[in-house]
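The values are calculated or read from the model by the stated rules, or taken from the named source; none is laboratory data. Only a predicted model underlies this, so the values are computations on that prediction, with no experimental measurement involved. Don't worry about glycine lacking a Cβ; one is built from the backbone with ideal geometry, like all the others, and counts go over all protein chains shown.
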Amino acid sequence: MEPATIVLFGATGDLAKRKIYPALYNMFLDGKLPQPFSLFGLGRREWTDESFQANIEKSIKQFSRRAPVDPESIKSFISAFRYRVLDVGCEEDYRKLLEQVEKREMELGIPQNRLFYLSVGPELFETIALQILGSGLGTVKGWKRLVIEKPFGHDLDSARLLNQTLSQAFTEQEIYRIDHYLGKPIVQRLESLQQAHPVFHDLWMDRKIANVQITANESVGVEERAGYYDRAGAIKDMFQNHMLQLLMMTAVYIPKESTSGKGSSKKTKVMEALKPLQKETVRNHVVRGQYSEGSIKGNAVAGYKAEPGIAPESMNDTFIAARLQIDNDDWQGVPFYIRTGKRLKEKSTRIVVEFQDAMEPASQESLAPNLLVFELSPEETITLQLHSSKPGRSETFQPIELDLGTNPMNSPEAYENLIWDALRGDPTFFAHWNEVELSWLWVTPILEAFAENKVPLLPYEAGSYGPAEADALLEADGFHWWFDDKQHLTSDRKGRTSYAYHTND
Ligand code: BG6
């Protein structure tokens, strides 16, 4: 990895504190930061280098996955950090910053490789990108890259406009759009799993799949983000980005040479093949809901309309479930079911691939189908649940569990993976513009149908699994959501065989 400077906008903000500094620190410990490494933190607050470094230390002690923090290593780590006050709209501030960055590059003897990380509200993206262009900060002898966080627009038109502006200052190859779901360790292992294990490869390629279920249930409510969330809803906050990215990642077989961006073009193909919905018939494929009061883990919680900052007449969706169809040879006839929502019974993010039964219907009655289960959160496990015949009793079957899990304590978090990739210039696990544009295009009829109230907004009790209509979506096709209420094939291990198979830890 070539030495580089990170220029971090929003250095005093919450994301930097919770995610970026702890990630950089763990990367530092793992030898994944460029050497030498330099970071300029920018913000409006009147901090000094010293107060900046002290704040970073505090955030690491609070949020690092590695604890306790070693005093020597943290001292050496924070010495690379400098702070500058910057008004994002002020040209003069950028010119001063340029001088300071150049001076530091000279001192350290490092090339002009600059990674601009915009950890700020989306309303500032365009201003900052244009100022980087105008001030000469982006005129480098080495490489320059722009890292931005979602939301990338709030609908198709605004996303296109944003992209046009950003592309005045950065090429597509230089833009790294973070979708933190793509940084999740299990998502990053989908590729190697499909490739490295002939069994999985064959399962995928043979297309013996009955359906795919993607769930991102959360028990938290709107939290302190009423202003943003009440405009976004589950559809823009989670579905258009994270959920569709998970669908793309599940539906592609990413080739090894994916560093050249080929992974992205395969994902784009999945999005292109996603059967469009029509505004008038969205309600046949999509369920939208909003939580009412209830209780989660024994604690009473308020309904959405009673949350601070939410209007009592709000028609915002806090839950969405949908049935999607990928119209290509590989996935013809295999429904993808997606659901996500707030204030549900528990936090659980998972992908379940349900295989077709090989048995004749008459002998299936007591059998559960074979499942490949990717638990993304809170557990990080990959489990293959197969049925095999019991020795000597060929008419009865029992599940075999193949556990490919990792230990989350030892595995890098999403932001570590993503910042490392951005520094190395590997775009594989970032959202390419084509994917973002096609995702917005695909959700547009849903947004219109919601806006025109063509899809009923169903109340669901906080602490439930969402509206019953979300279950009916699958039941109509003869399926059901797996693992609600923990109906787990292997929850009772008595008398069952379990093979633990660890791939890389
Ligand atoms: C964010 C959404 O992108 O993802 C939040 O804005 C949501 O509303 C969060 O809570 C979920 O992320 P994770 O990693 O906790 O599943």
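Some observations on this one:
- Residue pairs whose Cβ atoms lie under 9 Å apart, separated by 6 or more positions or on different chains, with the first residue in segment 414-438 and at positive phi and the second of a type outside the set (Lys, Arg) and part of a helix (DSSP H, G or I), are GLY425/GLN173; GLY425/THR259.
- Residue check for SER348: within 30 Å of ARG231 (Cβ to Cβ), surrounded by 14 or more Cβ atoms within 10 Å (Cβ to Cβ) and modelled with pLDDT under 95: no
- Matching option when the condition is assigned to a strand (DSSP E or B) and at pLDDT 85 or above, among LEU376, LEU447: LEU376
- Checked against the criterion of being without any contact (Cβ under 8 Å) to a residue 40 or more places away in the chain, more than 20 Å from ILE419 (Cα to Cα) and touching a Leu at 6+ places or on another chain (Cβ under 6 Å), the candidates LEU130, LEU137, LEU86, LEU98 yield just one match: LEU98.
- Near pairs, Cβ below 9 angstrom, 6+ apart or cross-chain, from segment 246-258 (assigned to a loop (DSSP other than H, G, I, E, B)) to any residue that is modelled with pLDDT of 60 or more and crowded, with 23+ Cβ neighbours inside 10 Å: VAL252/GLY263; VAL252/LYS267; ILE254/GLY263; ILE254/LYS267; PRO255/GLY263
- Residue tally, condition within 13 Å of the ligand (Cβ to nearest atom) and in a loop (DSSP other than H, G, I, E, B), over segment 303-356: 7
- Test: residue in segment 283-293 that is surrounded by fewer than 19 Cβ atoms within 10 Å (Cβ to Cβ), touching a residue at least 12 places away in the same chain (Cβ under 8 Å), farther than 20 Å from SER219 by Cβ and charged (D, E, K, R): yes
- In segment 465-486, the qualifying residues are those that are among the small types (Gly, Ala, Ser) and part of a helix (DSSP H, G or I), and the one that is surrounded by the fewest Cβ atoms within 10 Å (Cβ to Cβ) is ALA472.
- Some residue of segment 142-152 being surrounded by 15 or more Cβ atoms within 10 Å (Cβ to Cβ), assigned to a strand (DSSP E or B), modelled with pLDDT under 95 and not aliphatic (A, V, I, L, M): yes
- Sole exception among (1) without any contact (Cβ under 8 Å) to a residue 12 or more places away in the chain; (2) loosely packed, with under 15 Cβ neighbours inside 10 Å; (3) assigned to a helix (DSSP H, G or I); (4) not aliphatic (A, V, I, L, M) for ARG18, by number: (1)
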